[in-house]
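The values are calculated or read from the model by the stated rules, or taken from the named source; none is laboratory data. Note that the structure is predicted; figures quoted are calculated from it, not measured. Cβ atoms come from the backbone with ideal geometry, glycine included; neighbour counts cover every protein chain shown.
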Amino acid sequence: MRRALLCCLLVSPAAVGCAGTVSGPPTAGGDAEASVTSAVVVVERTADATEGARAEASARFVRVAAGASVADALRAIGAALELPARGTCAGVTSHGDGVAGASPAPVVELVDVGWVSLAAGGVETHLAPRRLPDVTDVVSGVVYARTADPAILPAATEYVAHVGGGASVLPFDVTAIAPADPSTIRIGGEDEGVVVASGTSVDFAWPADGTDDTVYVDVQPGGARCVLGDGTGVDPGHASIPASLLNDTGTMVVHRLHREAVRARGLEAAEIRFDFARSVAYVRP
């Protein structure tokens, strides 16, 4: 049974991985500027029939002024993932992090929380901190990331995220379960890693595993994103996308997405997100 994400341990209202109202540096007039802190930890894996598999983990701890949009802040740092409604398709922005039409971003501070690591399958992976220069007066601070061997960021495994803590953040651990590998999502017309797309639609099927993991597909180079469904129900999942979204040649990237929220008193927003994908070439005869 999929375990619920554990709430933050030993957290203050400003704890990273959590969100709440905190006091920022004093202003020139001596008043404190209120802000909110939130976080997103992302584990991504992609398998490609020709290029092999790759994986990356990242963590971003975001502070914005109280009243500013946390969703817009996540878009500004490339950490948003916005999906159209189930059974529909939409265009995505050029950077691929959200559905087209996002609002302007607020000023974002990426908080330094000491060290961050992920443990899975008995292996602990430390994410490397990288300081971003404040060249745009919009985003500054520290982002944590590491490209890794996919074997140390496995599917269908319990993960523990450890945060060491910093000047304004106490240490905490959170736990989540990664979804299954997307290799079980089958595409109609697929043969040896290539889909021959004909007719009026491309069909997808996957086993019902009882989870609410989202299945979606990105169509390239057309720039379309389609949400197919999830793993609930008795029968295997079935969905299709119109062949009109496809060019003569391109790629379909099929994703299995699982998100777990960190919830505790006073939190604004935080999540651990697993996005596991496989890339399949297609041709239209």
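Annotations for the structure displayed:
- Considered as a group, the residues in the range 33-74 that are crowded, with 17+ Cβ neighbours inside 10 Å, out of contact with any Cys (no Cβ under 9 Å at 6 or more places or on another chain) and of a type in the set (S, T, N, Q) include one that is farthest from ALA178 (Cα to Cα), and that residue is SER35.
- Residue within the range 123-140 that is crowded, with 18+ Cβ neighbours inside 10 Å, over 28 Å from SER240 (Cα atoms) and either among the aliphatic types (A, V, I, L, M) or at pLDDT below 90 (or both) present: yes
- Enumeration of residues in the range 75-103 that are exposed (fewer than 13 other Cβ atoms within 10 Å of the Cβ), among the hydrophobic types (A, V, I, L, M, F, W, C) and at pLDDT below 85: ALA100
- The residues of the range 241-252 that are in contact (Cβ under 8 Å) with a residue 40 or more places away in the chain, surrounded by fewer than 18 Cβ atoms within 10 Å (Cβ to Cβ) and not in a helix (DSSP H, G or I) amount to a single one, PRO242.
- As a summary of the residue check, PHE274 satisfies the conditions (1) surrounded by 22 or more Cβ atoms within 10 Å (Cβ to Cβ); (2) at pLDDT below 90 except for the one numbered (2).
- Extreme residue, surrounded by the fewest Cβ atoms within 10 Å (Cβ to Cβ), among residues of the range 189-219 that are among the charged types (D, E, K, R) and not in a strand (DSSP E or B): GLU192
- Taking the conditions (1) in a strand (DSSP E or B); (2) in contact with a helix residue (DSSP H, G or I) (Cβ under 6 Å, 6 or more places away or on another chain) in turn, GLY222 satisfies each one other than (1).
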